[in-house]
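Below you'll find the structure, written out as structure tokens, and then a few comments.
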Amino acid sequence: MTLIAYRFALDPTPAQERALRSHAGAARVAFNWGLARVKAVMDQRAAEATYGLAGDDLTPAISWSLYSLRKEWNTAKDTVAPWWGECSKEAFSTGLDQLARALKNWDDSRNGKRKGKPAGFPRFRSRRRARPSIKFTTGAFRCETRHAVLPRIGRVKLCEDGGRLAGLIAAGTARV
């Protein structure tokens with residue numbers, strides 16, 4: 001089995017570019033919210049440990065898995081981001097996935113399970129310094145000959161021809 005990946009540059013209209021930036025900002029907000037939540041619980045547990053409390057008396061730890069973070073996000077999203085309905089769920093899932101991976105890399109690095117340079121604890125993402133990024137992994141997206149269709153954004157023009165990938169998808173030998 002051979003795996004081939006295609007990467008296309010998008011040529012969005014100004015309105016689509018604003019929507020893409022909004023989605024990337026939503027991912028950043030979800031990342032920062034989750035990091036603040038994890039950090040607050042960790043700091044609370046560390047403070048309680050200095051008071052001499054035992055393991056069962058400490059504040060319950062929260063899971064760093066994507067599933068747990070997403071579950072907590074869904075309960076808090078109305079207060080944290082009242083505009084959440086304007087963006088695709090993939091935007092928030094992207095930020096929480098990046099956070100879960102960063103926390104796992106930090107923990108693995110700390111415990112010696114990760115090779116290479118030690119990974120530091122994740123940092124909050126700034127609106128100005130962070131590179132805007134988003135991943136669409138589920139939902140109604142597809143690739144056409146000259147366009148990519150993204151959820152909540154619509155048909156975005158491609159800078160290159162996507163005919164080969166569209167043909168492979170139509171033949172059933174590839175997936176987006």
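Summing charges over all other residues whose Cβ lies under 9 Å from the Cβ of residue 97, with Lys and Arg as +1 and Asp and Glu as -1, gives +3.
Give the shape of the range 70-111 as rounded, prolate or oblate, defined through the alpha-carbon gyration tensor: a ≥ b ≥ c are the square roots of its eigenvalues, a/c under 1.5 means rounded, and otherwise the shape is prolate if a/b is larger than b/c and oblate if not. Could you put the intermediate results ahead of the total?
Working: a/c = 4.01, a/b = 2.42, b/c = 1.66.
Prolate.
Model label points for residue 130 and residue 8, set 7 angstrom from Cα along the Cα-to-Cβ axis, are 2.7 nm apart.
How much length is gained if the chain between residue 110 and residue 157 is pulled fully straight, taking 0.36 nm per residue apart and subtracting their Cα-Cα distance, in nm to one decimal?
On the way: separation 47, 0.36 × 47 = 16.92 nm, distance 4.38 nm.
Gain on stretching residue 110 to residue 157: 12.5 nm.
For the range 104-176 and the range 1-78, compute the distance between their C-alpha centroids and round to whole Å. So the two Cα centres are separated by 16 Å. Placing pseudo-labels 7 Å out from each Cα toward the beta carbon at residue 141 and residue 58 gives an inter-label distance of 3.8 nm.
Each label point was placed 7 Å from the Cα along the Cα-to-Cβ direction; for residue 67 and residue 79 their separation is 2.6 nm. Computed over protein heavy atoms with a 1.4 angstrom probe, the accessible surface ordering of 48, 86, largest first, is 86, 48. The residues of the range 2-123 expose on average 63 square angstrom of accessible surface per residue, using a 1.4 Å probe on protein heavy atoms.
At a threshold of 8 angstrom on Cα-Cα distance, excluding pairs fewer than six apart, so keeping six or more, what relative contact order does the chain reach in percent?
Working: 191 pairs, mean separation 51.2, N = 176.
Result for the chain is 29 percent.
The figure for residue 137 is an accessible area of roughly 90 square angstrom, using a 1.4 Å probe on the protein chains alone.
Kirkwood Rh, Cα Rg: Rg to Rh for the range 1-138?
Details: Rg = 17.7 Å, Rh = 17.0 Å.
My calculation puts Rg/Rh at 1.04.
Less than 5 angstrom separates the built amide H of residue 160 from those of 9, all sequence-distant by 5 or more or on a different chain. Seen from residue 160, the other residues with C-beta closer than 13 Å to its C-beta sum to a net charge of +1, counting Lys and Arg as +1 and Asp and Glu as -1. Local charge sum around residue 62 (other residues, Cβ-Cβ under 11 Å, Lys/Arg +1, Asp/Glu -1)? Charge balance in the 11 Å sphere: +3.
Lysine pairs, Cα distance under 24 Å, 8 or more residues apart or cross-chain: how many in the range 87-176? Don't jump to the answer; show the numbers that get you there.
Values: 89/104; 89/135; 89/157; 104/113; 104/115; 104/117; 104/135; 135/157.
Step by step, the pairs that qualify in the range 87-176 add up to 8.
The values are calculated or read from the model by the stated rules, or taken from the named source; none is laboratory data. Everything quoted here is computed from the prediction, not taken from an experiment. All Cβ positions, glycine included, derive from the backbone under ideal geometry; neighbour counts span all protein chains shown. Protein only, heavy atoms only, side chains kept; ligands, DNA and RNA dropped before computing areas. Shrake-Rupley method; radii C 1.70, N 1.55, O 1.52, S 1.80 Å.
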